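Worksheet: the structure to be examined is printed underneath.
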Amino acid sequence: MAQQDPLMQSQLRRYFYQKAAATALPISGTFELTPRCNMNCRMCYIRMSESELKQRGRERTANEWIELGKACVDRGMLFLLLTGGEPFLRADFREIYTELKKLGLMISINTNATLIDEATVRWLSEDAPAKVSVTLYGGSNDTYRRLCGHPSGFGAATRAVDMLKEAGILVHINSSYTRYNAEDMESIVTFARSRGLQVSAATYMFPPVRSSRDGVCDEAARFTAEEAGIARARFEILTADSELLKKRLHSLHHGCAESAPSEDECERTADEKMGCMAGRASFWVTWDGRMTPCGMMNQPVAYPFETGFEAAWQSIIGQTGKLTLPSACSNCSMRKACTVCGALCAAETGSTSTKPDYLCRQTKSYLNEMENAYQQICGG
């Protein structure tokens, strides 16, 4: 089976998003199937044990997710991300995936891949997802033990990546960097490159705004703003083609480059509303049935399993339409290089319209690091 062209997918996706946003069509959704995970990452904001889950509520059934998927498709959804927690922990994941795939959706899966075995790969290859995004948390089992509490996680995840690729399933590597695994960046990039896979990075870790548990996240894992900016620059320099890097450094030096393209599920916009398509052409449904514009937000919220999808979506687009980014950001000299969005502002400050100091410092640090690279690589 031939690999699908990720660039073409990205271009088509962006085109569809722009068309959908013009008419508030919910073209893209995320179903967060479970908060459970077989790993216990220090920076995770959602992970729950079985006992914690029982205290908080219940996961929605396979039939509930399937029926919601039908309602979403009837309203125009084309792209669907299945995530968690770890979605492969659900005993009924195959049923959910199979029935949703029958609806004609382009389904992507976010996973740590440690539960994917030969039988799973054979099953997935029968009706392959559009993409499997595998998050690598380090370049060794030792890092997985230290960061994720999984002493054999690297071996399990990389075996799964190789099996998926061999089966012709499109794989994308995600990586999330903290103080516990920052030194693994090069080894993760090397792993991806050695297999011809694209790799993206998150160096900004959201505060645990969705967690109701004390101590759910290890705050020491989060970079300082300055460290996050340096890590962002380091990743871009490490992964860019040499000629493209020179062009980007030159553009940044002259203040005319926008944020580098990302392979995450966000579709960013240049306007001063949400700064992305969340609540305008995309939505997120949490494991316990709350619809929000983005998985990193608690508000605005609607309840599609109770009110029906259409009423929930109308509520979300109405409330999201009232949100704006900080006015100070619109004329900021760093705006083009900044990754500001409504979810990030709300997480850092409690309001989408309040300027987040952390992000300002991170962007300044990033630009300083890229300017240093410009002087070294482009010779001043």
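The values are calculated or read from the model by the stated rules, or taken from the named source; none is laboratory data. Model, not experiment: these values are computed from the prediction. In this analysis, Cβ positions are derived from the backbone assuming ideal geometry, glycine residues included, and neighbour counts consider all displayed protein chains.
Summary of values
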{"quantity": "Single match in R222, R210 (criterion: at pLDDT below 85 and over 15 Å from the mean Cα position of the chain (by Cα))", "calculated": "R210"}
{"quantity": "Which numbered condition T178 misses (of (1) in a helix (DSSP H, G or I); (2) modelled with pLDDT under 95)", "calculated": "(1)"}
{"quantity": "Pair list, Cβ under 7 Å, 6 or more apart: the stretch 134-152 residue without any contact (Cβ under 8 Å) to a residue 40 or more places away in the chain, other residue among the polar types (S, T, N, Q) and surrounded by 15 or more Cβ atoms within 10 Å (Cβ to Cβ)", "calculated": "P151/N141; S152/N141"}
{"quantity": "Check on F283, crowded, with 24+ Cβ neighbours inside 10 Å, closer than 17 Å to T23 by Cβ and over 20 Å from the mean Cα position of the chain (by Cα)", "calculated": "no"}
{"quantity": "Meets criteria (among the aliphatic types (A, V, I, L, M) and in contact with a Leu (Cβ under 6 Å, 6 or more places away or on another chain)) for V171", "calculated": "yes"}
{"quantity": "Options T190, T143, T114, T178: the member that is surrounded by 22 or more Cβ atoms within 10 Å (Cβ to Cβ), more than 24 Å from L80 (Cα to Cα) and not acidic (D, E)", "calculated": "T178"}
{"quantity": "Per-region count, the stretch 252-301, residues among the polar types (S, T, N, Q) and either in contact with a His (Cβ under 9 Å, 6 or more places away or on another chain) or at pLDDT 90 or above (or both)", "calculated": "5"}
{"quantity": "Output for the stretch 302-341, where each listed residue is in contact (Cβ under 8 Å) with a residue 12 or more places away in the chain, of a type in the set (A, V, I, L, M) and closer than 30 Å to R60 by Cα", "calculated": "A302, A312, I316, I317, L323"}
{"quantity": "Residue tally, condition within 21 Å of R94 (Cα to Cα), buried (at least 20 other Cβ atoms within 10 Å of the Cβ) and β-branched (V, I, T), over the stretch 46-65", "calculated": "0"}
{"quantity": "Strands (runs of 3 or more DSSP E) wholly inside the stretch 38-136 that include at least 3 residues being touching a strand residue (DSSP E or B) at 6+ places or on another chain (Cβ under 7 Å) and β-branched (V, I, T)", "calculated": "106-111, 131-136"}
{"quantity": "Long-range neighbours under 7 Å by Cβ, at least six apart or interchain, first residue of a type in the set (V, I, T) within the stretch 219-239, second outside any helix (DSSP H, G or I)", "calculated": "T239/V199"}
{"quantity": "The stretch 286-304, residues that are closer than 13 Å to A347 by Cα and under 14 Å from the mean Cα position of the chain (by Cα)", "calculated": "C294, G295, M296, M297"}
{"quantity": "Residues of the stretch 188-210 that turn out to be touching a residue at least 40 places away in the same chain (Cβ under 8 Å) and either in a strand (DSSP E or B) or of a type in the set (D, E, K, R) (or both), as a count", "calculated": "4"}
{"quantity": "Residues located in the stretch 343-376, provided they are assigned to a helix (DSSP H, G or I) and either in contact with a Gly (Cβ under 6 Å, 6 or more places away or on another chain) or surrounded by fewer than 15 Cβ atoms within 10 Å (Cβ to Cβ) (or both)", "calculated": "D357, Q362, S365, Y366, N368, E371, N372, Q375, Q376"}
